[in-house]
1. Could you pull out the pairs from K69/K536; K414/K628; K267/K343 whose alpha carbons sit more than 21 Å apart here?
2. Based solely on C-alpha atoms, express the radius of gyration and the Dmax of the range 588-764 in angstrom.
3. Using 1/(1 + (r/R0)^6) with R0 = 60 angstrom and r between the beta carbons of R709 and K40, what's the FRET efficiency to the nearest 0.05?
4. Looking at the square roots a ≥ b ≥ c of the eigenvalues of the Cα gyration tensor of the range 536-690, which shape do they give, rounded for a/c under 1.5, prolate if a/b is larger than b/c, or oblate?
5. Considering only DSSP beta bridges where both residues belong to the range 588-764, give the percentage that are antiparallel (nearest 5).
6. Normalised by the residues of the chain, what does the relative contact order come to in percent, with Cα pairs under 8 Å and at least six apart?
7. Once the other residues with Cβ under 10 Å from the Cβ of K342 are scored (Lys, Arg +1; Asp, Glu -1), what is the net sum?
8. How large is ³J(HN,Hα), in whole Hz, for each residue of the range 610-620 in order, when computed from phi with the Karplus curve 6.51 cos²θ - 1.76 cosθ + 1.60 and θ = phi - 60°, using x for Gly and Pro?
Amino acid sequence: MLNKKTATNVDTTKEAKNTPDKHQPWKELGLKLEEYDEIKNILGRRPTSAELAMYSVMWSEHCSYKSSKIYLRQFGEKVTPEMTKNLMVGMGENAGVVDIGEGWAVTFKVESHNHPSYIEPFQGAATGVGGIVRDILTMGARPIAVMDQLRFGAPENPDTRRVVDGVVAGISFYGNCLGLPNIGGETVFDKVYQGNPLVNALSVGALRHEDLKLAKASNPGDLVILFGARTGADGIGGVSVLASETFDAEGPSRRPAVQVGDPFAEKVLIECCLELYKAQVVAGIQDLGGAGLSCATSELASNGNAGMKVQLQDVLLRDDSLTPEEILMSESQERMMAIVPKKDKAAFEAIVNKWEVEYSILGEVIKEPRLYIYWGDEEIVNVPPRTVAHDGPVYERPVAEPKWIKALNKDTTKNLAKSENPDELATQLMQIITSPNQASKNFITDQYDHYVGGNTALAMPDDAGMIRVDETSSLGIAIATDANGRYGQLDPYAGAQLALAEAYRNVATSGATPAAVTNCLNFGSPENPEVMWQFKQATAGLADACLELGIPVTGGNVSFYNQTGDVAIHPTPVVGVLGVIDDVARRIPSGWQDAGHNIYLLGTTEEELDGSVWSEVIHDHLGGLPPKVKLKEEKKLAEALNAASLQGLLASAHDLSEGGLAQALVECVSRFGVGARVYLDELKADNKISTTAALFSETQARVLVSVGREDDVKFIGLCEQRGIPVTRIGVTDTEPTLEIQHIASWPIADLKSASEATLPELFH
């Protein structure tokens with residue numbers, strides 16, 4: 001039954017004209033005086049309280065990207081025709097869409113849900129997963145997998161336990177209930193994230209080309225239909241920044257700030273939407289997440305260069321005390337807004353009724369580019385939708401290089417003690433592999449279902465997640481996400497490039513060809529000139545690197561205000577790379593499965609220990625400059641791995657990144673329990689490096705591979721043709737041990753149990 005409640009003291013457009021000097025809480029809603037004045041200028045009067053609420057939330061940093069727009073543009077400018085040839089939908093939509101061949105396309109995106117996840121970890125993380133899945137759904141795709149990128153405070157801090165337990169439980173609960181495999185991600189601990197955990201979530205979906213949907217309302221007469229869960233009070237005070245002073249003392253102060261999710265409702269909604277798409281009864285669609293109805297109505301109308309007439313009293317409510325402003329702001333989950341041609345109304349209703357999904361027809365699309373919203377007979381919103389959704393303020397905020405960065409860059413690892421003593425090196429290796437960031441994440445990832453649906457080809461702890469898209473041809477995609485806040489703090493330009501390079505390399509080691517990029521840019525306050533300098537550097541670095549690697553950015557998210565007081569988090573641009581593989585049976589595992597194979601290190605190794613895990617764990621040090629970015633070498637390496645995979649030459653491949661060769665060796669032997677004998681003499685001599693660097697350097701563009709002896713000559717020839725240095729460093733062994741000559745030998749069981757014990761000991 002439709003809500004027909006009447007509200008008292010409804011602020012109408014007529015009232016707004018007659019009371020130009022009425023006090024309004026623009027400041028409490030996060031607006032600046034000049035922004036409030038601009039709204040009055042656009043409307044030719046003061047806004048109604050509903051209009052003020054809409055503009056305030058849609059012009060917020062989260063929704064408008066007002067501080068980042070000028071820098072994000074370069075992702076669309078620094079491109080070549082070659083980069084965009086397979087791009088079906090780029091930035092600006094709910095998610096990017098990439099043609100992967102055989103009539104298939106994939107859509108993927110990573111977003112943040114940082115602040116809600118600190119306030120209420122379980123629901124914050126759960127609804128982060130739900131929101132990104134709906135973004136994928138709106139493109140016409142079936143969601144097929146999720147990943148998560150997590151940053152927590154110091155593991156020994158008591159509050160970290162609260163956040164870790166809640167976030168992990170929220171992600172696993174929502175994802176597992178949806179039946180979506182969680183195929184990878186990251187978990188990092190660092191005290192800089194203590195009051196600002198980062199909960200970034202990625203989802204990927206698959207669709208046939210003809211099923212592509214866009215978020216626009218362009219045909220006058222089409223119906224505007226809200227369907228899914230009922231609208232409640234949850235989320236008011238989240239993105240919408242509604243404070244208790246906003247409308248009245250009884251209003252938003254009693255509203256929960258964090259949205260509450262229902263994965264079972266979302267699962268039904270997904271199937272319902274996919275059937276609606278199949279029946280071709282939906283002309284445009286938008287999910288309701290941040291900013292709720294304010295966002296959906298204004299964006300759909302603006303994207304379609306049209307307008308809408310909407311009756312707000314027809315919204316189905318689960319709390320009939322909500323004011324019109326609160327209904328517009330509610331961020332209740334599991335809701336969609338569809339634009340449906342009138343001729344398809346009966347077919348639409350038949351499908352939503354079949355799935356027992358509630359719906360209400362709120363109004364229709366009009367030709368005039370104007371958004372009219374009514375409360376009964378009263379007009380409470382009359383605005384040009386584009387001014388709400390797209391033409392908000394754009395700031396070029398002050399930028400200043402941090403005063404501290406030169407001193408930080410000069411404080412290198414050059415003078416830190418580097419041992420050549422075997423016992424000390426063996427101890428350091430164990431310290432590193434059992435440190436919270438390098439230790440096994442099974443304690444967390446075992447809570448996720450990796451294989452539900454039966455199409456997972458690779459999942460954690462492999463370097464990349466891989467999903468089969470087409471069960472007939474075995475066409476598939478691989479995804480990896482990476483970020484390194486320590487590198488970002490030392491040099492945000494290079495730090496962003498290194499995150500991209502690592503994700504790119506991880507996809508390449510799986511046997512897939514890197515094809516597209518998504519990102520979630522996590523930074524401190526944009527009102528801090530030093531943070532804006534970091535942001536400017538990072539976006540330029542990422543755009544320049546994408547251009548050099550030849551892969552486009554398809555979309556993403558910006559998360560600002562990640563700081564406690566004046567102390568910002570380290571710049572943490574999370575970069576996701578999607579790759580395409582013609583047959584998932586060709587995937588390359590990240591560990592050794594057979595004894596008697598030769599182990600090769602591809603690439604050169606340098607004394608690059610600044611910002612490394614070794615410097616952090618052994619010396620509690622952060623300073624210097626991160627490893628040099630080697631994009632040309634990364635590209636050559638990816639091409640070589642792809643060629644070797646096509647010829648079936650590789651038994652395994654594992655990238656070298658945080659923790660260096662030592663970490664990679666431990667992970668390779670632990671993956672399937674196959675041992676190895678390793679010697680470093682040739683590596684040290686050829687590269688003129690110390691034993692510490694041979695073990696722990698984080699030089700880029702390096703991969704560890706194992707090759708059957710019968711394929712040796714062919715593989716080495718393939719690498720030499722491409723100018724890739726190849727160093728033989730050992731052989732896989734029947735003995736279940738990792739032996740590094742002249743240093744130590746460890747039973748694999750001991751390495752695994754030590755690595756797997758770290759997180760349970762911290763969090764049980």
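1. The pairs that break the limit, which is 21 Å between Cα atoms, are K267/K343.
2. 16.1, 52
3. My answer for the efficiency is 0.20.
4. Values: a/c = 1.88, a/b = 1.30, b/c = 1.45.
Because a/c hits 1.5 or more and a/b fails to exceed b/c, the range 536-690 counts as oblate.
5. 90 percent
6. Details: 1900 pairs, mean separation 111.1, N = 764.
With pairs under 8 Å counted, the relative contact order is 15 percent.
7. With Lys, Arg at +1 and Asp, Glu at -1, the neighbours total -1.
8. Residue by residue, the range 610-620 yields 5, x, 7, 4, 4, 5, 6, 6, 7, 10, 6 Hz.
Coordinate-derived values only; no laboratory data. Because the structure is predicted, anything quoted here is derived from the model rather than measured. Glycine gets a Cβ as well: all are built from the backbone with ideal geometry, and neighbour counts include every protein chain shown.
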